[in-house]
Amino acid sequence: MTIDFEVKDRAQLDEAADNVDRLALAVGRDANNHGVLDGVRTWFARFIKTQNSGDLDVLTLWTVHTFLLSVLPCSPRLIIDSLLYGAGKTTTLEHIENLGHETFIASGIGSPALIPRMVSAAGDESITLLIDEADRTLDPKKDGVGDLMAVINSGSKHGATRPVLVPDKDKGWKAEAMPTYCAVAMAGNAPALPDDTRSRSLHVYLLPAYDDDIDETDWVSDDTLTTAAQSLADQIAQWASDNADLVKSMKPHLPEGCKGRTKERWVSLAKIAAVAGGDWPDRVDNLISADLERMKREREDGLTNVPPRALLLPDLLDVFGNLDFMSTTGICEGLARISPERWGAESPYGAPISRQRLTRMLSPMGIHSSKSTGRQNRCRGYRRADIQRMAEAAHLTESTPSNPL
């Protein structure tokens with residue numbers, strides 16, 4: 001095998017060395033190292049109908065990752081959704097329950113402390129929590145759900161902890177840091193999950209099987225189903241045990257733009273796919289690229305919830321145009337004119353943005369008003385350069401569409 005590359009600096013040298021190591025490992029591995037993953041995907045395709053074929057890849061990789069939590073940096077949350085009732089959300093959880101590692105199906109969680117206690121009892125291998133009826137169980141209007149979601153969010157990263165009160169023979173109770181890192185799947189019809197939870201989650205959409213194109217899941221009368229599922233789960237466990245060290249050290253190449261929270265969602269599954277080989281790395285690349293495109297289109301359509309302060313900066317640049325300075329009054333009038341649904345009478349405030357509100361929004365960003373330099377009609381206002389500087393630092397130089405929701 002001949003590998004050609006050009007090295008321009010130390011960083012590229014290190015990356016090139018890593019590439020050589022990965023290629024050597026790939027050559028030395030069993031050519032059918034992806035066979036177990038293929039088998040898991042075939043299993044899900046037999047019983048579950050998804051909106052996109054890539055969703056079967058997500059279910060496969062996510063199920064396998066539950067056996068590798070101890071060597072993975074992140075555990076993406078999994079949201080199982082459907083357009084219609086009866087599409088198999090509970091059934092999907094049941095299959096993950098039978099194939100995954102240390103799985104628990106919960107239709108209700110009484111206390112946010114329950115998850116850290118369960119994780120702590122399981123040790124480094126952690127658990128796989130499967131939450132059914134998430135649209136009801138995780139309803140943000142219910143008491144305690146906010147704290148529960150905080151535990152679910154924090155537990156997406158290896159090493160995360162939460163203080164939990166435990167009995168103490170001397171003090172009665174004491175706070176003890178308990179781990180929250182675990183795998184979590186949530187199934188429900190359009191569950192009202194917080195944005196910070198969704199940003200940590202992979203989304204799978206199911207479709208009803210009206211035309212009998214998938215097999216019925218019959219755990220009750222088909223006694224061979226449980227046996228077959230256990231056999232496949234044993235194969236996954238063995239594969240994970242055999243490849244754990246390689247998965248831990250693997251540094252997969254991710255598509256351009258896959259960084260931050262997006263990288264946290266995908267890096268663990270990409271590491272598994274890279275070790276499995278075959279066409280699995282390409283499948284993950286396609287899934288990541290599709291995810292990046294989805295986020296781009298949501299931003300363009302105004303479906304992404306952006307804080308008002310972030311929306312303000314690009315709108316201000318539009319109002320300024322080529323002007324270097326504008327009065328505060330002129331800025332408020334301009335904002336209400338170019339985006340009445342955000343800053344005018346049609347805004348949630350029911351009134352155009354005021355000078356006081358504009359000042360309150362800009363001041364925390366270090367943008368303050370000043371007096372104009374002209375000899376006549378001196379007034380207080382803002383300089384375009386100050387706004388441009390902050391907008392460029394935050395990568396918010398392009399106007400963002402309004403959120404139609």
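Just so you know, all these numbers are worked out from the coordinates, no wet-lab data involved. Please read these numbers as outputs of a predicted model, since none were measured by experiment. All Cβ positions, even for glycine, are placed from backbone atoms using ideal geometry, and neighbour counts span all protein chains on display.
Taking all Cα pairs closer than 8 Å and separated by 6 or more residues, the relative contact order of the chain comes to 18 percent. The helix-based estimate of mean residue ellipticity at 222 nm for the chain, built from -39,500 (n - 2.57) per DSSP H run of four or more residues and divided by its residue count, is -15000 deg cm²/dmol to the nearest 500. One equal scatterer on each Cα of the range 30-184, no solvent, Debye formula: the resulting log10 I(q)/I(0) at q = 0.13 Å⁻¹ is -0.65. Normalising the Debye intensity of the range 65-104 to I(0), with uniform scatterers on Cα atoms only, and taking log10 at q = 0.17, 0.18, 0.25 Å⁻¹ returns -0.55, -0.61, -0.92.
Relative to the present Cα-Cα distance, how much length would full extension add between residue 385 and residue 189 at 0.36 nm per residue of separation? Don't jump to the answer; show the numbers that get you there.
On the way: separation 196, 0.36 × 196 = 70.56 nm, distance 4.71 nm.
Result for the pair: 65.9 nm of gain on full extension.
Just how far, in whole angstrom, is the range 111-135 from the range 218-295 if you go by their alpha carbon centroids? Using only Cα atoms, the two centres lie 21 Å from each other. Inter-part distance, the range 35-96 to the range 148-165, computed on C-alpha centroids, equals 23 Å.
What is the Å³ per residue value for the convex hull set by the Cα atoms of the range 308-393? Let's see the in-between values first.
Values: hull volume 7.5 nm³, N = 86.
That works out to 87 Å³ per residue.
As a size descriptor, the averaged projected area of the C-alpha convex hull of the chain was calculated at 28.6 nm².
Taking 275, 267, 145 as the candidate residues, the one with maximal mean-square fluctuation in a Gaussian network model of the chain, Cα springs under 10 Å, is 145. Annotation: amide H-H contacts under 5 Å for residue 131 (H modelled 1.01 Å from N, sequence separation of 5 or more, or interchain): 106, 185, 186, 187. Applied to the range 222-232, the Karplus parametrisation 6.51 cos²θ - 1.76 cosθ + 1.60 on θ = phi - 60° returns per-residue 3J(HN,Hα) values of 9, 6, 7, 5, 4, 4, 5, 5, 5, 4, 5 Hz, with x for Gly and Pro. Each residue, residue 142 and residue 70, gets one label point 7 Å from its Cα in the Cβ direction; the gap between the two is 3.3 nm.
Annotation note: trypsin sites (Lys or Arg not before Pro) in the range 107-204 located in DSSP loop regions with a Cβ neighbour count of at most 16 within 10 Å are 141, 142, 169, 171.
Between beta-carbons, use under 13 Å as the cut-off and find the net charge around residue 102, counting Lys and Arg +1, Asp and Glu -1.
In short, -3.
In order along the range 181-192, the Karplus-derived 3J(HN,Hα) couplings, from 6.51 cos²θ - 1.76 cosθ + 1.60 at θ = phi - 60°, round to 5, 6, 8, 9, 10, 10, 10, x, 7, 6, x, 7 Hz, and Gly and Pro are given as x. Summarising the amide proton neighbourhood of residue 178: residues at separation of 5 or more, or on other chains, whose placed amide H is nearer than 5 Å comprise 162, 164. Can you tally the net charge around residue 163? Count Lys and Arg as +1, Asp and Glu as -1, for every other residue whose Cβ sits under 15 Å from the Cβ of residue 163. Every neighbour counted, the sum reads +1.
Compute the normalised compactness of the range 121-220: alpha-carbon radius of gyration over 2.2 N^0.38 Å, N being the residue count. Walk me through the numbers before you get to the answer.
Working: Rg = 17.7 Å, N = 100, 2.2 N^0.38 = 12.7 Å.
Expressed relative to 2.2 N^0.38 Å, the Cα Rg reads 1.40.
For the range 80-88, backbone phi angles converted through the Karplus equation (6.51, -1.76, 1.60; θ = phi - 60°) give residue-by-residue couplings of 10, 10, 7, 6, 10, 6, x, 8, x Hz, Gly and Pro being listed as x. Return the single residue from 266, 343, 173 with maximal mean-square fluctuation; model: Gaussian network over the chain, springs between Cα atoms under 10 Å. Between 266, 343, 173, it is 173 that shows the largest mean-square fluctuation. For the pairs 259/371; 89/141; 142/169; 89/157, flag any whose C-alpha to C-alpha distance is greater than 31 Å. With Cα atoms farther than 31 Å apart: 259/371; 142/169. Give the angle, between 0 and 90 degrees and rounded to the nearest 10, that separates the Cα long axis of helix 328-338 from the longest principal axis of the Cα atoms of the chain. That helix lies at roughly 50 degrees to the long axis.
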